[in-house]
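The values are calculated or read from the model by the stated rules, or taken from the named source; none is laboratory data. All of these numbers come straight from a predicted model, not from anything done at the bench. No Cβ is skipped: glycine too gets one built from the backbone with ideal geometry, and neighbour counts run over all protein chains shown. Side chains are part of the model used for accessible areas, which takes the heavy atoms of the whole protein and leaves out ligands, DNA and RNA. Shrake-Rupley method; radii C 1.70, N 1.55, O 1.52, S 1.80 Å.
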Amino acid sequence: MSGQVATAPPAARPGGERRVVANVMRGSIGNLIEWYDWYAYTAFSVYFASAFFPKGDLTAQLLNSAGVFAIGFLMRPLGGWMLGRYADRFGRRAALTLSVTLMAAGSLVIALTPTYASIGILAPALLLAARLVQGISVGGEYSTSATYLSEVASTGRRGFYSSFQYVTLVAGQLTALGVQIVLQQMLSGEQMAEWGWRIPFVIGAVGALVVMWLRRGMDETDSYQKESASGSEQRGTVRALLRHPRECLLVVGLTLGGTVAFYTFTTYLQKFMVNTSGIDKGTVAWINFLALLVFLCIQPLAGALSDRIGRRKLLLGFGVSGTLLTVPLLTLLSSTQNPVAAFALMLAGLVIVTGYTSINAIVKAELFPTNIRALGVGLPYALTVAIFGGTAEFVGLWLKQAGNEPVFYWYVAGCVLVSLVVYLCMRETSQSSSLEDAPQPSKPS
């Protein structure tokens, strides 16, 4: 790969914009499968929690499964570093193929692991091992796919094309919920708890193998090939990344509130509506599915809007709305059993979060030069998500068990407020005409 020299960006090559769309689609489909596998764990944990952990009340079992979910997130910084470095040194396409391979392996282990009743403590140990591998995969997938989509996109449409990262991320979650709804119609509750929950993980493993084949046909990005041809030995190194301390801190700050809000209004609300609002599981699955479907559809609209008005305005809209409205929305949701009201409240939260999700990937990519872009996007982001995003569900359940659930609402709003301060201080990142306009190091090396 290091000997290749790009002659023209994808949009200028034969096929023009269609070539860009094809590359975006191939990258996005893989992203969908990755996140389907990741979210299948959350979607089906209400069924398999009792299979992997000792008997206890529902909240205790969910707390155990949420703990494994959070620990999986702790591997994301390692994945962000390993696969981010790999992508910067050996190519975006190679790193994307490796990440989906790791995800397939994790899903297969979960699908085949016997229950706690059969093998005792080894069952949760294998579950944990599988989630650690998937955590590495997701940590690398985010940074590499964000980098790939931003680099392959046409100038002036980076916000629109990069928004498809969250389109496919949410589509992966929707697919997991869709599989859950279908299985709920076909199987009884007892069958779902006994063996039905294994089916989605088998589907994920097979889907990942298909994606491995598709990603082999992706074009490498023009930006990477130019950087690779330069022969620089600083590609993907932490030393090179540390020359951009301000940008790394910006990634942490702009991510903190967004990741907590995102995981609160997507993954945690499913358990929240069952465990706090008292809505039955089947109805909650439909509420989640429909709200996330709308959420998916508005991502490209917001991304395209950012190409016209800038990224910073959308981030400010999220920061102000999330700070002021999170507590009222969650308070109202906790006291309603009306499915329509629950749907409206969840959707309101997701619309607010769109100001972050639709553009956060491109904002981060626009902060870093090509030689450390994947690592710069991935490592500080993954550290922040591991500490705050991955623990959001665990914190919510822990505070509920302690009898202080409303404190969690204020916690989410407070995290968004911290990010709002960052949005107020940061520059507009969309003003460069191309990702080749690399930022200069924040301080002399």
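Observations on the structure shown:
- Amide H partners (placed H, <5 Å) of Thr221, local residues excluded: Arg92, Arg93
- Within the assembled protein chains, the solvent-accessible surface assigned to Leu102 is about 50 Å², based on a 1.4 Å probe.
- Pair Ile119, Thr283: separation of 7 Å Cα→Cβ label points (nm): 3.9
- Linear extension gain, Ile181 paired with Asn338, 0.36 nm per residue minus alpha-carbon span: 54.6 nm
- With every protein chain in place, the chain: carbon and sulfur % of accessible area (1.4 Å): 67
- Tilt relative to the chain, helix 245-263 - C-alpha long axis, 0 to 90 degrees, to 10: 30
- Between 0 and 90 degrees, the angle of helix 17-52 with respect to the longest Cα principal axis of the chain falls at about 30 degrees.
- Among the lysines of the chain, pairs that are 8 or more positions apart or on different chains and have alpha carbons within less than 23 Å of each other number 9.
- The per residue volume of the convex hull around the alpha-carbon atoms of the chain is 128 Å³.
- 3J(HN,Hα) couplings calculated from phi for region 330-339 with the Karplus curve 6.51 cos²θ - 1.76 cosθ + 1.60 (θ = phi - 60°) are, in sequence order, 5, 5, 5, 5, 5, 10, 10, 10, 7, x Hz; Gly and Pro show x.
- For the chain, accessible area per residue (1.4 Å probe, heavy atoms of protein chains only), Å²: 36
- Rounded to whole numbers, the Karplus 3J(HN,Hα) couplings from phi for region 377-386 are 5, x, 5, x, 5, 5, 4, 5, 5, 4 Hz, using 6.51 cos²θ - 1.76 cosθ + 1.60 with θ = phi - 60°, and x at Gly and Pro.
- Longest segment of the chain lacking GluC sites (Glu not before Pro) that sit in a DSSP loop with at most 15 other Cβ atoms within 10 Å: 1-232
- Across all C-alpha atoms in region 209-305, the radius of gyration and Dmax reach 20.7, 60 Å.
- Thr221 accessible area, 1.4 Å probe, all protein chains in place, Å² to nearest 10: 0
- Using just its DSSP H runs of length 4 or more, each adding -39500 (n - 2.57), the chain gives a mean residue ellipticity at 222 nm of -24500 deg cm²/dmol after division by all residues.
- Rounded to the nearest Hz, the phi-derived 3J(HN,Hα) couplings of region 79-86 under the Karplus curve 6.51 cos²θ - 1.76 cosθ + 1.60 (θ = phi - 60°) are x, x, 6, 4, 7, x, 4, 4, where x marks glycine and proline.
- Inter-part distance, region 379-393 to region 88-135, computed on C-alpha centroids, equals 19 Å.
- Between 0 and 90°, nearest 10: helix 281-309 axis offset from the chain longest Cα axis: 20
- DSSP loop trypsin sites (Lys or Arg not before Pro) with at most 13 other Cβ within 10 Å: longest gap in the chain: 217-426
- Ordered from highest to lowest accessible area with the whole protein assembly present and a 1.4 Å probe, Met273, Met186 read as Met186, Met273.
- If you run the Gaussian network model on the chain, springs between alpha carbon atoms under 10 Å, then out of Leu241, Leu290, Leu315 the most flexible one is Leu290.
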